[in-house]
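The values are calculated or read from the model by the stated rules, or taken from the named source; none is laboratory data. What you see is a predicted model, and the numbers here were worked out from it, not measured in a lab. Don't worry about glycine lacking a Cβ; one is built from the backbone with ideal geometry, like all the others, and counts go over all protein chains shown. When the accessible area is computed, the model is the full protein with side chains, heavy atoms only, and any ligands, DNA or RNA have been set aside. Shrake-Rupley method; radii C 1.70, N 1.55, O 1.52, S 1.80 Å.
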Amino acid sequence: MKPATLQLGQTDIHTGPCAWDHTLIRDQPQTLQQHPALVVFDQRRGASTDDAAAIATTLNDHPLLLVLEEPDFARHLTKAIDDWHHALGRTIDLIALHTHDITDLKAGGLLQPLTNARTNQTCRYYGFAADNANDAEWLAKNTAGRFLLTPFHRHDQSARYRAIPTAHEYGMAVIAEPHPDTEADPEAAAFALGHAHECLPIRLTPPPEDASPMTDEQREAAWTAWTRDNPPPPPLPRSRPPAE
């Protein structure tokens, strides 16, 4: 993999052509020195504050992404952010929230802890994690986050129909969720690296050493082939977003 530096959307965060799950840095700390990049702690995949504290000194000034699950009560989100901030010992660059129902965000209770964290300089930018391309499109249109996480890989390119373009239109960066089945697949790695400028991939393992990003022509060929059997996702229901 050739080193590169990408700006993450309209933020001032720069990263390599992929982001590293924290487990990779824990097990292979040399990866971060060889390939500086965004480091991800994802509560949905079992990341804990103990994990953060254990490798905090390894991270130096590399940018960090924290993905949190929606708590049972909105007020618990503030404590969760504070606990992670304490464990890492530094401002968290990006915090993404994954909600059980994205329309819950319209109520505002989950947004206040995120905006407070920005005001208090606990985090720099916040965004949201989507379960699918339709949810990512809705989040792009109806939230003030600065970035989104969405599924996007060689076997599921549906976010390219509307979600990714909509996010970019609204000034949001897009980050691709890791997909375990594609970790050792050279073609999947080439796909992910080739799309990094529009949708930064998160990796659980390093790409194969000989992986090279797809060219523009290869990207378009992959898209054309995929769309033959995969029509656009249905448009957002008129009932979303709900009435204020």
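Brief remarks follow.
- Gyration tensor verdict on the stretch 167-220 (Cα atoms; rounded if a/c is under 1.5, prolate if a/b is larger than b/c, oblate otherwise): oblate
- Charged-residue dipole, Cβ positions (Lys, Arg, Asp, Glu), the stretch 1-87 about Cα centre, Debye nearest 20: 240 debye
- Highest mean first, the peptides 140-148, 218-226 sorted by other C-beta atoms within 10 Å per residue fall in the order 140-148, 218-226.
- When you count the other C-beta atoms within 10 angstrom of each residue and take the mean per peptide, 228-237, 128-137 line up highest first as 128-137, 228-237.
- When restricted to Cα atoms, the stretch 100-244 yields an Rg and a Dmax of 16.5, 52 Å, respectively.
- Bins of 10 Å, starting at 0 and running to the largest distance - Cα pair percent for the chain: 7, 33, 37, 19, 4, 0
- Between Asp72 and His86, the modelled labels are 2.0 nm apart [label points 7 Å from Cα along Cα→Cβ].
- Of all DSSP beta bridges in the chain, antiparallel share, percent nearest 5: 10 percent
- Only helices enter this figure: runs of n ≥ 4 DSSP H residues, each worth -39500 (n - 2.57), summed and divided by the residues of the chain, yield -10000 deg cm²/dmol at 222 nm to the nearest 500.
- Loop trypsin sites (Lys or Arg not before Pro), the stretch 13-64, which have at most 12 other Cβ atoms in a 10 Å radius of their Cβ (DSSP): none
- Test item: Cα-centred dipole of the chain, Lys/Arg +1 and Asp/Glu -1 on Cβ, debye: 660 debye
- Gap separating the Cα centres of the stretch 144-198 and the stretch 18-37, nearest whole Å: 20 Å
- Accessible area expressed per residue, the chain, with surrounding protein chains retained (probe 1.4 Å, Å²): 47 Å²
- Calculated on alpha-carbon atoms, Rg and Dmax of the stretch 93-162 in Å: 12.7, 40
- Label-reachable residues, the stretch 37-55, where backbone N falls under 20 Å from a point 7 Å from His197's Cα toward its Cβ: 37-38
- Per DSSP, loop chymotrypsin sites (Phe, Trp or Tyr not before Pro) in the stretch 1-99 with at most 12 further Cβ within 10 Å: Phe73
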